[in-house]
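These notes are about the structure you will find just below.
The values are calculated or read from the model by the stated rules, or taken from the named source; none is laboratory data. Every value quoted in this text rests on a predicted model; they were computed, and no experiment measured them. Here the Cβ is made from the backbone with ideal geometry for all residues, glycine too, and neighbour counts use every protein chain on show. Accessible surface is based on the protein model in full, side chains and every heavy atom, while ligands, DNA and RNA are left aside. Shrake-Rupley method; radii C 1.70, N 1.55, O 1.52, S 1.80 Å.
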Amino acid sequence: MRTRDVWVLHGPNLNLLGRREPKIYGRDTLAKIDARLVALGADLGLRVASFQSNHEGALIDRLQIAAEEADGVVFNPGAFTHTSLALADTLRAVTIPVVEVHLSNLYARDHARQTNLTASAVTGVVMGFGPQSYELALRALHARLAGGRKRGGGK
Ligand code: DQA
């Protein structure tokens, strides 16, 4: 099977991982998480590239480009998860598989985080496993790509 391209997109404030609310998000830096994903990707036959932005429009641009250039996306929209109809629209427009990921379990947190605008627009969601959520999401995406299906859940 040819090497697939997976883009890992990180939303706002995730560049601060390691020193940002470590009790919730852990102590791993984003660089460390990304390095682990590249290594896991190599084992799985995936070429992994990461991108972080604090800006909604930049994430929308990346998702639109990913639809042309990548085979699948792992995406942590950060707080835009709870607010961005624009990102949800982009995710609906993009037909490659997208796995949404969160370090924390949104449903065990404050009420505002239980509103999720993006989850219904993606292939699936992994949350609550700390930095390991990303690795589980990459494995899930790999399985989806190997299975040849684009989207599940009736999409
Ligand atoms: C997060 C959860 C969001 O509510 C929060 O705004 C983040 C991180 C997570 O990975 O747990 O920035 O997406």
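In the list Val101, Val6, which residue meets the criterion of being among the hydrophobic types (A, V, I, L, M, F, W, C) and within 16 Å of the ligand (Cβ to nearest atom)? Even if it seems obvious, please write down each step before you answer.
On the way: Val6 fails: within 16 Å of the ligand (Cβ to nearest atom).
Going through Val101, Val6 in turn, the sole match is Val101.
Among strands (runs of 3 or more DSSP E) lying entirely in segment 58-155, which contain 1 or more residues that are over 17 Å from Leu46 (Cβ atoms) and either open to solvent by 30 Å² or more (accessible area, probe 1.4 Å) or at pLDDT below 95 (or both)? Break it down into steps so the answer makes sense when it comes.
Working: elements: 72-76, 98-102, 124-127.
Because the criterion is at least 1 residues that are over 17 Å from Leu46 (Cβ atoms) and either open to solvent by 30 Å² or more (accessible area, probe 1.4 Å) or at pLDDT below 95 (or both), the strands (runs of 3 or more DSSP E) in segment 58-155 that meet it are 124-127.
Would a scan of segment 12-31 turn up a residue that is under 21 Å from Glu135 (Cβ atoms), more than 15 Å from the ligand (Cβ to nearest atom) and open to solvent by 50 Å² or more (accessible area, probe 1.4 Å)?
Within segment 12-31 (the criterion being under 21 Å from Glu135 (Cβ atoms), more than 15 Å from the ligand (Cβ to nearest atom) and open to solvent by 50 Å² or more (accessible area, probe 1.4 Å)), the answer is yes, since at least one residue qualifies.
Being within 16 Å of the ligand (Cβ to nearest atom) and closer than 20 Å to Val38 by Cα is the filter here, so list the residues in segment 64-97 that pass it.
Taking segment 64-97 and keeping what is within 16 Å of the ligand (Cβ to nearest atom), we get 73-84, 87-88, 91.
Result: Val73, Val74, Phe75, Asn76, Pro77.
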